[in-house]
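Please read the structure below before turning to the comments.
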Amino acid sequence: SFLVYLTADQTISSDNTFTTIQFTGEAYDTNNDFASFKFTAPVAGKYLISANARIDVIPAKSTQWVQGKIRNITTGREFSIGLTDLDDGADYQMVTGAVVMDLSASDEVDFQVAIRDVDGSATNVYGQSTLNGFHRTFFSGYLLG
């Protein structure tokens, strides 16, 4: 099992490009399977994978949508989470979801976020430097069996 979090804000572009969230804080990583911003399954099995991101500073009347995805890098299988239409903008938006994934040993999984902003301005994924307080951007996984 693992639980990682974003330790500082991460800027993402607004051009429909999915960007891997660069998690550098670890609450726990029981088998040291999380590295280089991705989880590597140590054994084959079903894993509960969850992710949450707070997207900040979404410009008013310019943003079309924000979306996240949990991705099996190895197989290319992707699970869309948190697609939200935001034509009027917002102070922030949460992208959140969970999926049970059937992984083979050595499959790699990451969490990505994309934003479509017709004005072309970049925005931030909210990070927090310590485990104190409420974490708004995190990624976790647990082997179910």
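For (1) open to solvent by 70 Å² or more (accessible area, probe 1.4 Å); (2) assigned to a loop (DSSP other than H, G, I, E, B), each residue gets a yes or a no:
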residue	(1), (2)
V4	no, no
T7	no, yes
T17	no, yes
N32	yes, yes
K46	yes, no
G76	no, yes
S80	yes, no
T84	no, no
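Taking the stated definitions as given, is A53 under 10 Å from the mean Cα position of the chain (by Cα) and open to solvent by less than 70 Å² (accessible area, probe 1.4 Å)?
Yes: the conditions hold for A53.
Among the residues in segment 86-97, are any among the charged types (D, E, K, R), open to solvent by 70 Å² or more (accessible area, probe 1.4 Å), modelled with pLDDT of 95 or more and outside any strand (DSSP E or B)?
Looking through segment 86-97, none of the residues is among the charged types (D, E, K, R), open to solvent by 70 Å² or more (accessible area, probe 1.4 Å), modelled with pLDDT of 95 or more and outside any strand (DSSP E or B).
Please work out which residue is modelled with the lowest pLDDT, limiting yourself to segment 57-74 and to residues that are within 18 Å of the chain's Cα centre (by Cα) and open to solvent by 70 Å² or more (accessible area, probe 1.4 Å).
V57
If we scan segment 52-71, do we find a residue that is of a type in the set (S, T, Y), assigned to a strand (DSSP E or B) and over 18 Å from L143 (Cβ atoms)?
yes
So is A35 over 13 Å from T137 (Cβ atoms), modelled with pLDDT of 95 or more, small (G, A, S) and out of contact with any strand residue (DSSP E or B) (no Cβ under 7 Å at 6 or more places or on another chain) or not?
Against the criterion (over 13 Å from T137 (Cβ atoms), modelled with pLDDT of 95 or more, small (G, A, S) and out of contact with any strand residue (DSSP E or B) (no Cβ under 7 Å at 6 or more places or on another chain)), A35 qualifies.
Does T11 satisfy being open to solvent by 60 Å² or more (accessible area, probe 1.4 Å) and either touching a residue at least 40 places away in the same chain (Cβ under 8 Å) or among the hydroxyl-bearing types (S, T, Y) (or both)?
yes
The values are calculated or read from the model by the stated rules, or taken from the named source; none is laboratory data. Note that this is a predicted model, so its numbers are computed, not measured. Reconstructed Cβ throughout: ideal geometry from the backbone, glycine too, with neighbour counts over all protein chains shown. Note: accessible area is taken over every heavy atom of the protein model, side chains too, but ligands, DNA and RNA are not part of it. Shrake-Rupley method; radii C 1.70, N 1.55, O 1.52, S 1.80 Å.
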